[in-house]
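Here the structure comes first, spelled out in structure tokens, and everything after it is commentary.
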Amino acid sequence: MPVVVITGANRGLGLEFARQYAAEGWRVHACCRRPTDALSGIAGDVVLHSLDVTDAKGIAALARDLLGEAVDLLINNAGVLDCRQSLGQIDYARWEDMMRINTLAPVAVTEALLPALARAGDAKVALITSRMGSVTDNTSGGFYAYRASKAALNAVGRSLALDLADKGITVLLLHPGWVRTDMGGPNGLIDAPQSVAGLRSVIAGAKPADSGRFFAYDGRELPW
Ligand SMILES: NC(=O)c1ccc[n+]([C@@H]2O[C@H](COP(=O)([O-])OP(=O)(O)OC[C@H]3O[C@@H](n4cnc5c(N)ncnc54)[C@H](OP(=O)(O)O)[C@@H]3O)[C@@H](O)[C@H]2O)c1
């Protein structure tokens, strides 16, 4: 049975990833700060882990919990978008928090789980980034902290892809679309089941040659 580790699995896209992989028979290691009834109620082989992705001790504990496992897929999904970022109103302390959550944490979690990923032989690491991290695609400005945190995530994703190739680990940078979650809000263009079904298809079809590439949920490649 394949094994997936998901961060931010208690709501939004992370919850939907947990639902869909569990329904397909995967063992799901669902990591979150505060489990929800929706997460606890998922049928299947779902193991809950308490994890704030900015907590180094928590990440180390997760790695210890997974010592005996081969992890086929790690989805670094947890993320934040803080809207108080217009020019003249930038909250720099919050910006630092966002960098810790959106950029540093995915690297730290990946680093800690490398032995478990390497055991799988052909593991994949999905970094849930955003089109808002594309410099080319930025035609509307604003969102300083979020854009910077996801652009930096894209940059580290390329390094991870190159550095982990010899371990057989494929690293994907994935944009979920504008999705109706707490973060995306009610005006999003698609719902979480559609986004996650698309992302799962991109992940399933990815080959080592795709490592370090930036794809949307519908398989389109995005510009940096
Ligand atoms: N929705 C969109 O339109 C959209 C578009 C592009 C990219 N994305 C990306 O997709 C990912 C998921 O977004 P979403 O729409 O599902 O957002 P969401 O509904 O706001 O959920 C965010 C998730 O991240 C978790 N999280 C935040 N900080 C955390 C921390 N320090 N430790 C552990 N978990 C933490 C939250 O847990 P708590 O409940 O504990 O806060 C929650 O599970 C994010 O990386 C986001 O940037 C979303």
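The values are calculated or read from the model by the stated rules, or taken from the named source; none is laboratory data. On a predicted model such as this, the values are computed, not experimentally measured, just so you know. Quick reminder, even Gly has a Cβ in these numbers, built from the backbone with ideal geometry, and neighbours come from all protein chains shown. Just so you know, the surface numbers come from the protein's heavy atoms only, side chains and all, with ligands and any DNA or RNA stripped out. Shrake-Rupley method; radii C 1.70, N 1.55, O 1.52, S 1.80 Å.
Annotations
- Within region 117-198: Cβ-based charge dipole about Cα centre, in debye rounded to nearest 20 (Lys, Arg +1; Asp, Glu -1): 60 debye
- A 1.4 Å probe run over the protein chains yields, for region 3-216, 45 Å² of accessible area per residue, whole-number rounding.
- Sorting 84-91, 208-215 by average packing, meaning the other beta carbons within 10 Å per residue, from highest down gives 208-215, 84-91.
- When its C-alpha radius of gyration is set against 2.2 N^0.38 Å (N residues), region 117-192 gives a value of 1.29.
- Sequence-separation-based contact order of the chain, relative, with Cα cut under 8 Å and 6+ spacing, percent: 18 percent
- If R0 is 25 Å, the Cβ-Cβ spacing of residue 138 and residue 70 corresponds to a FRET efficiency of close to 0.05.
- Volume of the convex hull of the chain (Cα atoms only), normalised per residue: 113 Å³.
- Of all accessible heavy-atom area on the chain, the percent that carbon and sulfur account for (1.4 Å): 54 percent
- Unit charges on C-beta of K, R, D, E only; dipole of region 3-216, Debye: 220 debye
- Here the contact order of region 118-224, divided by its residue count and restricted to Cα pairs under 8 Å and six or more residues apart, works out to 31 percent.
- Once all protein chains are placed together, residue 1 keeps about 140 Å² accessible to a 1.4 angstrom probe.
- Relative contact order, percent, region 122-182 [alpha-carbon distance under 8 Å, six or more residues apart]: 51 percent
- Extension gain, residue 82-residue 197: 0.36 nm per intervening residue step, less the Cα-Cα distance, totals 38.8 nm.
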